[in-house]
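First comes the structure, then the notes that go with it.
The values are calculated or read from the model by the stated rules, or taken from the named source; none is laboratory data. Worth saying up front: this structure is predicted, and the values here are computed from it rather than measured. Cβ placement follows ideal geometry from the backbone for every residue including glycine, while neighbour counts extend to all protein chains displayed.
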Amino acid sequence: MIKESFRKYLEDAIGCENALVAFSAFDEPASVAVRYNPFKKTARMAGESVLWSRHGILLNERPVFTLDPCFHAGAYYVQDSSSMFVGDVFRRLLKEYELPVGRPLRVLDLCAAPGGKTTDLAASLREACGDGFVLVANEVMKQRAGILASNVALWGDPNVVVTSDDPKAFTPFTGYFDIILADVPCSGEGMFRKDEQACEQWSEDNVALCEGRQRRIIADVWPALADGGLLVYSTCTFNKYENDGNVRWIADNLGGSPVFNAPASPFGGVIATEYGFSLVPGFVKGEGQYCSAVRKQGGSIAVSEFRQYKTRPSKDKGTPIPASLKELFSIDVNFRQRGETIIALPASLAQEIAFLESGLNVIAAGCAAGTVKGKDFIPDADLALSIVLADGAYPEAEVDLDTALAYLHRDAIRLDDAPRGYVMVTYKELPLGFVKNLGNRCNNLYPQSRRIRMNVR
């Protein structure tokens, strides 16, 4: 139920006529959209293309994603179509950004969980920069950071580093990041169709609280943005205080210059504001979203100004890592051990990861390759999901839907035509994970933490 106080508030924020359109849309069901992983094979579901996302599809109906093995293979990410607009702004800015020479492009997704915008940015960066980037995806809440790390692993890009820190932890990283995305916590006005509780809890006092919190977050992370770097600022709300008002505050108080000034709308239905763009239900097939960008004034910081860090040695003195494991990857990797798990890190990012670990709580980086048990190397499910797994690294067994679901449920399966030993299970040519084929049966190596818990039969 929309509060009368919010009705008046929204009319002031986006105009009476626009508000009427939005109010009518609040009574309609929310749309469903997915964004495909361009670095994995998959067949697209039926639906309408999202105007501002080359890989986004508005679905004709909502499937049971849990029962789609392609979902578990990281072939796509379920994401609101309006949220994909932030990725479009990022891509347009990236095209005009002068990429650094001699080092990777450094990007921070500050408030990243559960990972929708992180995976979108990762795909855009790989398309634009190849291996020449590092994307730090941060989430302050530990539980949500775990979900973020899991979704990043499904996506399979090893250049994403997951951290769990308060924004102020980035303050000492002076001038390190070229681009920062701050999709800041907000009053959630744009999510009312999906979250009735957010609607019930809305108040002007909460808007003011969010406005202040957002300014604190940006002020804490601002020193970490390189001079001349870009801050992409976004919320899922409508009001001018958390949106254009905060962009103006950044410009007036932190030394930033708005990238967009009274811009023209780039797509039909997208409302241009003073400093950015607002997506409103009823005008677009999606939920509420705001996006703007600010450039930090000044020149750029030279690479030489950063200290050089040695790669952190493994604290775990486990079994020596076989040199042959490098052959499993299509890129040059370094290995370290975390507990019993061998982690493969892109060799090109060794200095970057070491520098990040010097001051941040890094909870995931690279790819979990597997574990060594005596003379046996047991591959990790994340290895199968990685986009840098070498072709032909393992024999593959293509399975049908029923077998794929049984595997993801961690049931016993048989692969009569597969060779003995470690075999990668695929569905529609998408790797799902591994089994150890013993001939008459298979040891299912799919992680217990990820298994489908609903009935699959």
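A few notes on this one:
- Within the stretch 287-303, the set of residues being modelled with pLDDT under 95, small (Gly, Ala, Ser) and either in contact with a strand residue (DSSP E or B) (Cβ under 9 Å, 6 or more places away or on another chain) or surrounded by 24 or more Cβ atoms within 10 Å (Cβ to Cβ) (or both) comprises GLY288, GLY298, GLY299, SER300.
- The set of residues from the stretch 349-382 being touching a Gly at 6+ places or on another chain (Cβ under 6 Å) and assigned to a helix (DSSP H, G or I) comprises just one member, ALA381.
- The residues of the stretch 113-157 that are touching a helix residue (DSSP H, G or I) at 6+ places or on another chain (Cβ under 8 Å), within 23 Å of ASP220 (Cβ to Cβ) and assigned to a loop (DSSP other than H, G, I, E, B), listed by number, are ALA113, PRO114, GLY115, GLU139, VAL140.
- Subset of the stretch 140-172 that is out of contact with any strand residue (DSSP E or B) (no Cβ under 8 Å at 6 or more places or on another chain) and of a type in the set (Val, Ile, Thr) - its residue that is farthest from ARG213 (Cα to Cα): ILE147
- Considering GLY74, GLY102, the condition of being in contact with a helix residue (DSSP H, G or I) (Cβ under 9 Å, 6 or more places away or on another chain) and under 17 Å from LEU148 (Cβ atoms) is satisfied by GLY74 alone.
- Flag if LEU181 is closer than 15 Å to CYS291 by Cβ, buried (at least 18 other Cβ atoms within 10 Å of the Cβ) and either within 25 Å of the chain's Cα centre (by Cα) or of a type in the set (S, T, N, Q) (or both): yes
- Take the conditions (1) touching a residue at least 24 places away in the same chain (Cβ under 8 Å); (2) in a loop (DSSP other than H, G, I, E, B); (3) surrounded by fewer than 17 Cβ atoms within 10 Å (Cβ to Cβ); (4) not charged (D, E, K, R); PRO63 misses just one of them, which is (1).
- Helices (runs of 4 or more DSSP H) fully within the stretch 174-277 counting 3 or more residues that are within 26 Å of VAL136 (Cα to Cα): 204-221, 244-254
- Among the residues of the stretch 336-348, the ones that are of a type in the set (S, T, N, Q) and in a helix (DSSP H, G or I) come to 1 in all.
- All of (1) surrounded by 13 or more Cβ atoms within 10 Å (Cβ to Cβ); (2) at pLDDT 95 or above hold for GLU327 with one exception: (1).
- Residue in the stretch 277-286 that is surrounded by 24 or more Cβ atoms within 10 Å (Cβ to Cβ) and either touching a His at 6+ places or on another chain (Cβ under 9 Å) or more than 24 Å from ARG35 (Cα to Cα) (or both) present: no
- Filtering the stretch 392-400 for residues that are in contact (Cβ under 8 Å) with a residue 40 or more places away in the chain and either within 17 Å of SER449 (Cα to Cα) or in a loop (DSSP other than H, G, I, E, B) (or both) leaves a non-empty set.
- Exactly one residue among GLY102, GLY87, GLY130, GLY56 is at positive phi and either crowded, with 19+ Cβ neighbours inside 10 Å or in contact (Cβ under 8 Å) with a residue 60 or more places away in the chain (or both), and that residue is GLY102.
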